[in-house]
Each structure stands twice: as C-alpha cells, then as structure tokens.
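The structure under discussion appears below in the form of structure tokens.
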Amino acid sequence: MKSLMKNRLAWPVIALAALLLLNQIFRPDFLSLRMQDGHLYGSIIDIMRNGAPTILIALGMTLVIATRGIDLSVGAVVAIAGAASCAYIAASPEPASPVTAAMAVLIAVLAGLLLGVWNGFLVSTVGVQPIIATLVLMTAGRGIAQLITGGQIVSVSNDHYKSIGAGYLFTLPVSILITAAVFVLAAVLTRRTALGILIEAVGINPVASRLAGLRSRNIIWIVYVFSAVCAAIAGLMISSNVTAADANNAGLYIEMDAILAVVIGGTSLAGGRYTLAGTVIGAFIIQTLTTTVYTLGIPPEVTLVFKALVVITVCLLQAPKARNLLRSLKAAPKPGTKEKVAI
Amino acid sequence: MSSLSTLTPLTVKEPSPLRSRMRGGARYAPTLATLGLFIAMFAVGAGMYPSFLSGQVFLNLFIDNTFLIVLAVGMTFVILTGGIDLSVGAVVALSMMVSATLLQQGWNPAAVIFLVLVIGGGLGLLMGLIIQYFDIQPFIVTLAGMFLARGLCYVISLDSIPVTEGFFTSVAQAQIPLPGDLFVSPGVLLALAIVAAAFFILHHTRFGRTVYAIGGNEHSAMLMGLPVTRTKILVYALSGLCSAIAGVLFSFYSLSGYSLAAQGMELDAIAAVVIGGTLLTGGTGYVLGSVVGVLVLGIVQTFIAYDGTLSSWWTKIVIGGLLLAFILLQRLFARKTA
Amino acid sequence: MNEIVPVVEMTDIAIGFPGVKALDGVNFRLFQGEVHALMGENGAGKSTLIKALTGVYTIDSGTITVLGEHKQFSTPAASQAAGISTVYQEVNLCPNLTVEENVLLGREPRRRGSIDWKGVRSRTREVLAELHLNHVDPGSLLSSHSIAVQQLIAIARSVEINAKVLILDEPTSSLDADEVNQLFRVIRDLRDRGVAILFVSHFLEQVYEISDRMTVLRNGKLVGEYLTRDLSRMGLISKMIGKEMEALAELDQAPARTRARTGSEVTPFVEARGLGRKGSVSNVDLSIYPGEVVGLAGLLGAGRTEIARLFFGADKADEGSIRVKGVSQRIRSPRTAIDKRIGFCSEDRKEEGLIGDLSVRDNLMLAMQASKGWARRIPRRVQDELVAEYIATLDIRPANPDALIRNLSGGNQQKVLLARWLITSPELLILDEPTRGIDIGAKTQIQKLVNKLATEGMSILFISSELEEVLRLSDRVAVIKDREMVAEIKNDDVSVEDVMTVIAGGTQ
C-alpha cells in the first residue's frame, strides 16, 4: 500500500522538484525566504498564496472525480460567492465592521452550500451525468453572479474581509492557512471516517457498492457540497484579495486548473482511487509553472501554451497505453494493444 | 452435472409494429420539442412586440449566429460519437487572430483563409489522434487544446487587431437581397451550405452512419468491422475545421481579431446541440436539431434585446435554464424508452 | 472427410496475458458444412480462441490459415474480410440504429457516393426473408426487438456478408425453447448451404442436438477433437473437467447434516406471499426457516436471479408481501434488506460484487462499513482481526489483506465476497451461482461452507445451474418456471430426473 502511494506520487513530486530546481538555477534566490515586518516573504510563499484558491477547489474536485463525477461549476460558484459577499458588504450600513465581514463570509459559504446541494441533487437524485449537470450551473452561474452585482464590479473596503485573501497570521498569509486547514479537514474527514473508502467504492463500482448496502446518494451529495463550499471559500479569497467582486472574470477557467491539478496529481478521471496530497502537489506544479514562465523570462502570454503542453505530457505519461508503449520499447516484447480489449 | 438446457419455456414477445413505429417516432421527440419551443417563443415575441413578427427578425437570427451554427454542426458530430470538444471557442479566437494578423501584414485573403482552415483542422486532427491512440478522455485532451489555442492567441497579440482588408470588409458589409425587402449575409449561405453538407454526410454516407454506430455502441461498431478509429479521429478534425470556418465567419462579422473573443462559446455550442435534441451519451440526434438549438439561443438574446429592461446576464441564466429543462426532458425520454 | 481442406485451420496457437497463458499450443480446424462445437469449462480458453480467430486478440505464436491461405488478423475488420463472421452472446449491434442499418452497416449499397436507402431496404428484406424473419420491419429500431430477434438479425448480417465461417458464441443463453428451435433451424439451413459453423454453448443438450463434431479445451490446452456421435455425455464431461471428477465424488460423501426444523410450529425467518414485480417474476410463495437451505431450481433465465433480487431489495417488488420473522416488512433497497440481516452474493461477481481496485480488506469490510455509515469507521484493529479470521477460515489466497482483489483468482474472489456477508452475520444468505466459474477446489470448499453455515442456524437461499449441486445442498427445492414459482419439493432422495420432470411438465 505504501509503495503504491509512493509510486503514484512519484511522478508529480519529481515534476515539481524539477520545476523548482529549474527556477533555482535561473534565480539563485528563488528558494530563499526572508522575514519582513513579521511576515514571511519569498517566491515559494507567493506560489502557495497565489495557488491557494486553485488548491482549495482542486481538493473538492478530487473527491468529486473519485466518485466518477466532475464539477464544471466551480468557477461560477467562485463568482457567485464573491458577488454575494461583496454585495452584502457594500449594501450593509456598516461596511467596515468585523460583524459585516463575518456575515459576508457566512453568506458566501451558505451560497456554496446551496449550489452544492443543487448539483448533488441533479447528479444523485435526478441521475443526470455529472458533466452535464454541472454544465447547467456553469452556464447560468455567471449570469446569477452578474444579477447579484447588477453587472458592475462591486468594490468593498473592509479590512477584516480583506485579510482573508491578503492578510497575514503567524507570519504566514491567511489564505495559505485556510487552505492548509481545509486540506487537513478533508484528509481527516475522509481517512479517519470511512468516507474515503466509500467514495472510492462508489467510484470504482457503483452497482456493487449499492448491493453491498452503500447509500451512494448521500456520498455523492456530500462530495458535491464539499466541492461547492471549497469553491465558495476560494471565491472569498479571490474577491477579498482584490477587495472587489468581478462576476465576469473571478475564477474564470479555475475549474480547468483544478481538474488539471487533480489529474497531474495522479487521480484518474475515471474515478476510484484518489490522492489529496497528489492534488496539492498537482496544484503547486501548475502554479509553479506560471512562476517559472516569469523566471525564465518567457513572455507571460505564453503561460497558457506552456500549460497546455505540460498537461498533454503529463496525461500521456499517465495514459496506460503510452506507458505500455514505453515499457515495450524498453524491454518487453508484448504489444500494448492487447490489454485494451482484454479487460 | 446435467444442465437444464433443453427445455427453456418462454414465449416470443415481439412488439407490435405500431409500438415499434411509435418508438421510432420518439427519436424525433426532443428535436420536435425544441422546434415547438422555438415557434412558441417566436409567437410570444410577436404578441408582445409587433415588430418582432418580421421576416428580417427571423433572418437576423441566422445572420447574428452564423459562426455558432457552424460550431454546433462540428460539435454535433463529436457528441454523436459520445465525445466532447471543449476547444472550439479557443480555436475560433485563434482563427480570428491569425486572420487579422496576416491580413494586416498584407497576405492574400484566400491564402489566409486556407491557412486558417488548415490550422483548425490540423489541431482537431491532432487532438483526435491523441484521444484515439493514447486512450485519453476527449474532455481532457480538448481542454488542453483549448489552453493551447487560447495561449497561441495571447502569443500573437494581447490587443484587438482590426481587419481593414478589402475582401473581408466587403463580405462583412455584403447583403444578399431576398424577395420582400429581406436580406441575409453571405455567411448565412455558407453556414446553411455546411449544415446541408453535414446532413448529407450524417445520413447518406457510410462515414456518417459509422458516427451514429460508434455513439450507439463503440465496441459493437468495432466488432462489426467498422472503421472506428479513423472515424473518431476524423470527427475531431471535422470539429476543428468547423471551428476554423466559424472563426473566419466571426471575423467577417466583427472585422477584428481579439484573443479574448469567443470566450465560453464552446458552452453555447454544446448547449445548442443538447437543446437541439442530441443525447450527450451519443448515438441519437440530428444536425438540423442543433440548428434549431442555435435559433432558440438566438431568440433568447433577441428577446432580451427587445425587452430593453432585462439585462444581458439574463441570457446566460435563461440558457442555463433551458439546458436544464432539456436535460431533464432527455432523462424522461430515456426512462420511457428504456 | 479428412481429405477435404479445412475452411479454417489453427495450428499451435498460443496467447498469453500478464500472468496467464490463455491458450497454449492449441490446434483447431473447421470444415465446410459442419457445426463444430467448442467445449470447455469457463476459463478453458474458448472465448480466447474465438477472439484470436476474429482478430480481437493477436496471437503470440502459431498459424491461422483460412481456405489454405495464411492469415494474420490484427483487427475484426480483417477477419471479416476473410469471410469470418461472429455473433456474440451480448448481441454486438447498435441499439440506436434500425434493423436494416444493423444488417448492412459499413456495406450499404451506394449510388454516386450516397447511400442508396431503397437498396438497403430491399436487400435487408431479402436477407430477413432467407431467415424466415419476414415479420421484422427493417425500418424499426433494433432496440425495439427481443434479444432473440436481435441475435437473428446479427446472423442476418453474417448471411449478408456471405460469410464462409459463422461463429456463434453462447447464442442461446438468453433464448427460450421456441427461440432456440428457430435459431437451430437457421443454423441447419446455413450449414446445408455450406457455411462452416463454430458453436459455443454451455448447454450440453443443445450441443448434442446441433453439432457434428467437437473440440474440447481445458486450461488453455487442447484435449482433443471428437465426432459428436462418438462421444458420450459423461465422456465429454470428464474430458472437460479432467481428473477433478474425483474431487466431486468426494464431496458427494460429505456427511449429511441434520435437517432443519420446519413447519407450522416454527416461524420462518422469511416468508414471501405472492411476491412479484411487473415484467419480472410473479407469484412467489416461499418460506425459509432458520438453519434451512432452500434451493432454487429452474432454467437459466427462468427467473431465479430475479427472485433473489426481490428478496434482497435490489429490485423493488410491486406485488405480494414479505414477512421477516413473522413481521410484515417492505424491502425497498439492499440497505433495508441488510438491516433485516439479509445478505446477497450476486451471480455477476465482476459487475455486482467486486470493487476491483480496492484491497481484500476493504472489500471484506464493505458491507459492514456501509451499514455502519460513513461517519463511524470500523477501527483498524477490529478490521485486522476480522479480516485475518476470515482469510484463515475460508482459506483465501494469497493471505494478504492488502492485495488488490482484482488480482485474485475467481474462487478466492468469491470467498472474499462470501466473507463480506459472513462478517455482517446475516440470518439469511442468498447465494446466486456461488460456484460458477471457479476451480473445483474452491467449489468444494464453498459447498462445505454452506453446509456448515446452515448447521449453525443460518437460512440460505441457494441458486445454481447445476441441479446436482442444488440437490446435494438443499433441504427443499423451489422450482421456477416461466418466471413463476411452480412447485416446492421436499428433498428426501429426490433425483435430478424428478426435478427435471417437474420443470418439463410443470406439475403443480
């Protein structure tokens, strides 16, 4: 079991290490950290801070994917959560008070909860394919966010609210701490309880799971709610970081980054076995990649092209067919085509 | 170890011809529902705004959505095989960027269009090859294709590039008169020609029937000796080609290239196909249905434009709602025929 | 006959998968105008041989000649081009297309690049008429027809190709007697026209009825080729299972256990009255007492599995009632059944039992964990104890709780699934074909286990296609026919023939 986990994480870890090393070579101070005003600074901290929303969403996405699902609506949920909280703060009589900020957070999380329940309802109760069910909210969600903000970018000035995305606590950015807390929570929730194993069971063989007495409906509901709540928290971070809600662009394409993080991290899109740690590493890889582009002096416009190439490479490396091909090139004379039909 | 083989008693239950014909009819039901919806919306529009009931309003639905029609055609092929292509919006933008840049540098418009089609088709072909030969989900491969195409747009330019070239501007302004003081754009004719070609390919060629067979049961199609691999790859190439054509049409329409253009257009295309009655699991659907799907999306926009008090974001919400309604309808039909 | 060149000749064929030699030095030949049965137990290599011939698998070594010509099939299309056509058990056609399209897909007549739909229609009618299928509307959707008709349409496709070789892989497994007769009429017809037919079936009687010659495989190796009329049924069976006959005989001498107490003074654990489900089964009256093994006898497809699924709530019953320990209950889902201490081992291990990518431990604990809910995880220490105990008692190999279950052999997988339920200490255990497709050793162990569990007071509903096995283990046998329960026989010295008579005659 341990060697298997190691095996699955090996590739992502090597990729991340290679990327970091590359940066270190080009910018010798890359890995260094320094203290300033009691805050920790450094490229690594920046990567973690900028990657926090993606990591959060990718954590939720991992569990959804493990159940054979996918959640395309997270970007829209980010927009809605940011819009709801900012609109609340902007409209409140005391826009700068901590109570208002707390209420705004509560509203955003509740919005996430509600949207997650909606997705879960479509998938588990109505039985719509996940990609389609969440496509509905992906399409309509940005409209809803614009409806909330009235089509404007809603700016707020509330220092308490701002600290979620831009503040520091115990020398570290608050967003990193929140993300770490959610990661620990998710890990404990799935591995200390039986949730993890049941999620995997549902993802690997839903029919057999049902006959073993598993209530997969509840499990599926839980993962979609968790995913949407993660997205809502990420929405809070994003909007608080810029102290504004942008219904059009907040969290744009973040579902893609999150799915990539999950895949790069070693969880199969076909569902089943998952690894949260792998997902975090996957998200770091994506974020480091963006940084690397800057470090190497490549124009930032190229980031997306770069990302696309990395995704394809990683997917090819993970594809069983490509692996077989590599293996057969190395030694074994067995043609790889057979396994596909042999299942 | 005697087996209980020889005496199985059960009577043959053949469905009555009537019943099987009705089931055949159910194939068209989702598409007919969409058509009904479109007519109803048009009628409601006409009731609310007298000027709505004009031939030109109807034709404008085509003129304003030529590119979406072409995209939906390509997407229909892909979805019929049970796949999905998320790259189409980005390929549209890339095509526009390439055309605008090259035209600015004084290239011949015919050469530009040819090159754009090659790029779009080539990108689709590449994605199809990866999907097929490495057995990676279409969803993830076309997602990477989307990143690649969008990234190439950024590499070309972050700014909007105007198109001032003669041929493009004249096509953009051209109006083809129809009887009754009506007109359409040349793009509409091209889009309709593509729809007609797609209809012919899907219903009257072996390639088209193989597309349906793959969507029905890919394993069976393989065992029946059909060219599954080739067909699946071609379908993505076709979708890439359609995206490139849509990009050229969009260039005619907007006379510019902008790297952020056509964002989320893949969603519109998918929505149009689904609303048009094509099952996302593949195997069932009609390209004409997808066209009606585009018209429904178009009429929603027209409605909101006519109303004046409704903000533009209602379009997204309504499309999301329609998508939901049709998905639920599909579920209902699937349950009934199962 | 030996002077004639065989249509198909396969020599010294070998195919291996990671860890398994599926075929090892097998020879096979098929002549024009014969029905040749390919015989062997599950896993003997029958389907691998067929897939080698149809181009689904590529062979590792050996030669294939078709009409004297060397062939190397890398795709199904290549095999079909050589005149070999296959009809699979699970009807490999496209349900979303019409009958005529399925018959002609990929070979539609064309006129100037466009499919000639009129030609398609008339050609289909011709072919259907040849198979006496005039009542089938060529324009109707394939999915609107029964499996039997779909199978005949698949054969129509082969006829249309003018196939020289027709392979029928378990074609009768979901057909009834009339349908089998219709199919056999078509097969004989094709044989007389000179088509070489390869017939695979696990129904012995059908094989004797239709085949002229047979090739027997065992464990991926060739046992021999025989003329059907020269080989007795017993001879065939012993060739199929090899030496293992003795192991079976040993079980027959297993000590009989004391019969469970039944009757009006004892409350049955479960009691069904008029239980049924629309379109599935109806009219099931069945009681199972504590410590009793009740066998379900009936033909494959008679409704045995359907009844089991109703008891377990896998399908919802819509008529009749179930009482558990004398109290009326509605069993709406597997979960409710499990709460009532009922367990169910499905016949379809792979699709309905195993969670392939999880370990033996997780698979063992699944039902118990599911009934506790996700929030209350069974402590690892408790898991380890239980898992170790059941691995030892049931002799599960490898005895490694962390092994992935998909890497275990069929017999060991079945034991894990049994253990999954035993851990929940059920009062009623429903076993649907628990010994199918597993090796004889594991089979004997499972049969002994059933005896032991019943002796300890568990109620067991036992389903098997092997009537001997049912009779050996059961206190009572419920006979299922035409999706209804037609008789209940107390098992004191009942013979296989007695039960067969009931099934054949339907004596109430």
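Any idea which of C:LEU93, C:LEU97, C:LEU104 is farther than 30 Å from C:ILE4 by Cβ and either over 29 Å from the mean Cα position of the chain (by Cα) or more than 10 Å from chain B (Cβ to nearest Cβ) (or both)?
C:LEU104
Do you know which of the residues in the range B:201-218 that are more than 7 Å from every other protein chain (Cβ to nearest Cβ) and either surrounded by fewer than 21 Cβ atoms within 10 Å (Cβ to Cβ) or among the charged types (D, E, K, R) (or both) is nearest to C:ASN96 (Cα to Cα)?
This residue is B:GLU218.
Among the listed residues C:GLN445, C:GLN383, C:GLN414, C:GLN369, which satisfies the condition of being of a type outside the set (Asp, Glu) and touching a Pro at 6+ places or on another chain (Cβ under 7 Å)?
Going through C:GLN445, C:GLN383, C:GLN414, C:GLN369 in turn, just one is of a type outside the set (Asp, Glu) and touching a Pro at 6+ places or on another chain (Cβ under 7 Å): C:GLN414.
Please work out if C:LEU168 is more than 12 Å from chain B (Cβ to nearest Cβ), in contact with a Phe, Trp or Tyr (Cβ under 9 Å, 6 or more places away or on another chain), at pLDDT 85 or above and not in a loop (DSSP other than H, G, I, E, B).
Criteria met by C:LEU168.
Hey, does the range C:111-125 have a residue that's more than 8 Å from chain B (Cβ to nearest Cβ) and in contact with a strand residue (DSSP E or B) (Cβ under 8 Å, 6 or more places away or on another chain)?
Yes: one or more hits.
Which of (1) modelled with pLDDT under 85; (2) more than 8 Å from every other protein chain (Cβ to nearest Cβ) does C:THR58 not meet, given it meets every other one?
Exception for C:THR58: condition (2).
Restricting attention to the range C:205-227, which residues are surrounded by fewer than 19 Cβ atoms within 10 Å (Cβ to Cβ) and either of a type in the set (D, E, K, R) or closer than 28 Å to C:ARG185 by Cβ (or both)?
C:GLU205, C:TYR208, C:GLU209, C:ASP212, C:LYS221, C:GLU225, C:TYR226, C:LEU227
Specify the residue that is nearest to B:GLY247 (Cα to Cα); the eligible residues are those in the range B:219-233 that are more than 8 Å from chain C (Cβ to nearest Cβ) and surrounded by fewer than 19 Cβ atoms within 10 Å (Cβ to Cβ).
By that ranking, first place goes to B:ARG230.
With the structure loaded, tell me whether C:ALA52 is more than 30 Å from B:THR281 (Cβ to Cβ), aliphatic (A, V, I, L, M) and assigned to a helix (DSSP H, G or I) or whether it fails that test.
Spelling it out, C:ALA52 is indeed more than 30 Å from B:THR281 (Cβ to Cβ), aliphatic (A, V, I, L, M) and assigned to a helix (DSSP H, G or I).
Given B:LEU102, B:LEU115, which one is without any contact (Cβ under 8 Å) to a residue 40 or more places away in the chain, within 16 Å of B:GLY247 (Cβ to Cβ), crowded, with 18+ Cβ neighbours inside 10 Å and over 21 Å from the mean Cα position of the chain (by Cα)?
Only one candidate qualifies: B:LEU102.
Considering only residues of the range A:190-208 that are at the interface with chain C (Cβ under 7 Å from one of its Cβ atoms) and assigned to a helix (DSSP H, G or I), which is surrounded by the fewest Cβ atoms within 10 Å (Cβ to Cβ)?
Of everything passing the filter in the range A:190-208, A:VAL207 is surrounded by the fewest Cβ atoms within 10 Å (Cβ to Cβ).
Which residue out of A:ILE148, A:ILE132 is of a type in the set (A, V, I, L, M, F, W, C), within 30 Å of B:VAL273 (Cα to Cα) and over 23 Å from the mean Cα position of the chain (by Cα)?
A:ILE148
Which of the helices (runs of 4 or more DSSP H) contained wholly in the range A:242-333 include at least 3 residues that are of a type outside the set (Phe, Trp, Tyr), closer than 22 Å to B:ILE136 by Cα and at pLDDT 80 or above?
Result: A:254-265, A:276-295.
Only one residue in C:ALA52, C:ALA44, C:ALA37, C:ALA82 is in contact (Cβ under 8 Å) with a residue 12 or more places away in the chain, under 18 Å from C:VAL159 (Cα atoms) and touching a strand residue (DSSP E or B) at 6+ places or on another chain (Cβ under 9 Å). Which one?
C:ALA82
Let me confirm something: among B:ALA193, B:ALA197, B:ALA110, which residue is over 17 Å from the mean Cα position of the chain (by Cα) and more than 12 Å from chain A (Cβ to nearest Cβ)?
B:ALA110
Here are some residues: A:GLY75, A:GLY151, A:GLY141. Which one is under 17 Å from A:ASN248 (Cβ atoms) and surrounded by fewer than 24 Cβ atoms within 10 Å (Cβ to Cβ)?
Of the residues listed, the single one that is under 17 Å from A:ASN248 (Cβ atoms) and surrounded by fewer than 24 Cβ atoms within 10 Å (Cβ to Cβ) is A:GLY151.
Return yes or no: is A:THR295 surrounded by fewer than 24 Cβ atoms within 10 Å (Cβ to Cβ), within 14 Å of chain B (Cβ to nearest Cβ) and touching a residue at least 60 places away in the same chain (Cβ under 8 Å)?
no
Matching residues to (1) in contact (Cβ under 8 Å) with a residue 12 or more places away in the chain; (2) within 14 Å of chain C (Cβ to nearest Cβ); (3) among the aromatic types (Phe, Trp, Tyr); (4) assigned to a helix (DSSP H, G or I):
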position	(1), (2), (3), (4)
B:LEU260	yes, no, no, no
B:GLN263	yes, no, no, no
B:THR278	yes, yes, no, no
B:LEU288	yes, no, no, yes
B:VAL292	yes, no, no, yes
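Determine which member of the set B:THR210, B:THR205 is in contact with a Leu (Cβ under 9 Å, 6 or more places away or on another chain) and of a type in the set (Ser, Thr, Tyr).
None of the others qualify; the one that does is B:THR210.
Based on what the data block shows, is C:TRP374 out of contact with any Lys or Arg (no Cβ under 8 Å at 6 or more places or on another chain) and either part of a helix (DSSP H, G or I) or more than 7 Å from chain A (Cβ to nearest Cβ) (or both)?
No; evaluated as a whole, the condition is false for this residue.
Quick check on the range C:435-448. Is at least one of its residues in contact with a strand residue (DSSP E or B) (Cβ under 8 Å, 6 or more places away or on another chain) and either assigned to a loop (DSSP other than H, G, I, E, B) or free of Cβ contacts under 8 Å to residues at least 40 places away in the same chain (or both)?
No, because not a single residue in the range C:435-448 is in contact with a strand residue (DSSP E or B) (Cβ under 8 Å, 6 or more places away or on another chain) and either assigned to a loop (DSSP other than H, G, I, E, B) or free of Cβ contacts under 8 Å to residues at least 40 places away in the same chain (or both).
Only one residue in C:LYS316, C:LYS350, C:LYS325 is under 27 Å from the mean Cα position of the chain (by Cα), in contact (Cβ under 8 Å) with a residue 12 or more places away in the chain and surrounded by fewer than 19 Cβ atoms within 10 Å (Cβ to Cβ), so which one is that?
C:LYS316
Does B:ILE270 qualify as being surrounded by fewer than 20 Cβ atoms within 10 Å (Cβ to Cβ), at pLDDT 90 or above and within 14 Å of another protein chain (Cβ to nearest Cβ)?
no
Go through (1) surrounded by fewer than 23 Cβ atoms within 10 Å (Cβ to Cβ); (2) free of Cβ contacts under 8 Å to residues at least 40 places away in the same chain for B:ILE136 and report which single condition fails.
Going through the list (1) surrounded by fewer than 23 Cβ atoms within 10 Å (Cβ to Cβ); (2) free of Cβ contacts under 8 Å to residues at least 40 places away in the same chain, B:ILE136 breaks only (1).
Of the residues C:ASP475, C:ASP482, which single one is surrounded by 20 or more Cβ atoms within 10 Å (Cβ to Cβ) and out of contact with any helix residue (DSSP H, G or I) (no Cβ under 7 Å at 6 or more places or on another chain)?
C:ASP475
Would you call B:THR315 within 8 Å of another protein chain (Cβ to nearest Cβ), at pLDDT 80 or above and under 22 Å from A:ALA133 (Cα atoms)?
Yes, satisfied.
The values are calculated or read from the model by the stated rules, or taken from the named source; none is laboratory data. Model, not experiment: these values are computed from the prediction. No Cβ is skipped: glycine too gets one built from the backbone with ideal geometry, and neighbour counts run over all protein chains shown.
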